[in-house]
1. Could you give each residue of the stretch 91-101 its phi-based ³J(HN,Hα) in whole Hz, using Karplus coefficients 6.51, -1.76, 1.60 with θ = phi - 60°, and x for Gly or Pro?
2. Taking the alpha-carbon distance from Lys19 and a cut-off under 26 Å, which lysines remain once sequence neighbours fewer than 8 residues away in the same chain are dropped?
3. For the stretch 2-102, what relative contact order do you get, as a whole percent, if you take Cα pairs closer than 8 Å and at least 6 residues apart?
4. Once you mark the chymotrypsin sites (Phe, Trp or Tyr not before Pro) that are in a DSSP loop and have at most 15 other Cβ atoms within 10 Å, what is the longest gap between them in the chain?
5. Along the principal axes of its C-alpha atoms, what lengths does the stretch 1-59 span, in descending order and rounded to whole Å?
6. Would you mind calculating the gained length between Val2 and Leu103 on full extension (0.36 nm times residue separation, minus the Cα-Cα distance), in nm to one decimal?
7. Quick one: if you stick a label point 7 Å off each Cα along the C-beta vector at Glu22 and Arg39, how many nm between them?
8. How far is helix 2-15 tilted, in degrees, relative to the longest principal axis of the Cα atoms in the chain, given as a value from 0 to 90 rounded to the nearest 10?
Amino acid sequence: MVNLLEEFNKQQMNALEKKMPEFRPGDNLKITFQVSDGRVQIFEGICISKKNRGLHSSFAVRKVSHGESIVSQFFVYSPALVSVEVVRKGKVRRAKLYYLCRLFGKAARIKERRDFK
């Protein structure tokens, strides 16, 4: 039973293969996704968590709109997800940044990460 489920998940992942950029929590992302009526919307914010669970992989993004903190969760293999773009890389020391949901303004800033190669 477990093998059948794993095989099904692998088939679905191969069918829904997407080109995803490398990103980590703390990075600013621009996510383009389709809404139920076929329109395309853009959601731009800070990635606060990332879960890698095969077909059920997801990531959460937070943005502030009109003084309200909005957290949205996106599934990597969702057909509604059109594209993900990394706008800015952030330097953080935690994997889950849920503490940012309580912060606003300058308190919610994250330093920029500079990768030297």
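None of the figures in this text is laboratory data; all of them are computed from the coordinates on show. All values reported here derive from a predicted model rather than from experimental measurement. Heads up, the Cβs are rebuilt from the backbone with ideal geometry, glycines too, and the neighbour counts pull from every protein chain shown.
1. Going residue by residue, I get 9, 9, 10, 10, 8, 10, 10, 5, 5, 5, 5 Hz, with x marking Gly and Pro.
2. Cα-Cα hits under 26 Å: Lys10, Lys30, Lys50, Lys51, Lys63, Lys89, Lys91, Lys96, Lys117.
3. Here the relative contact order equals 32 percent.
4. Values: sites that count: Phe104, Phe116.
So the longest stretch without any such site is 1-103.
5. So the extents along the principal axes, rounded to whole Å, are 40, 30, 17.
6. 32.1 nm
7. According to this spin-label approximation, the distance is 3.7 nm.
8. Rounded to the nearest ten degrees, it is 70.
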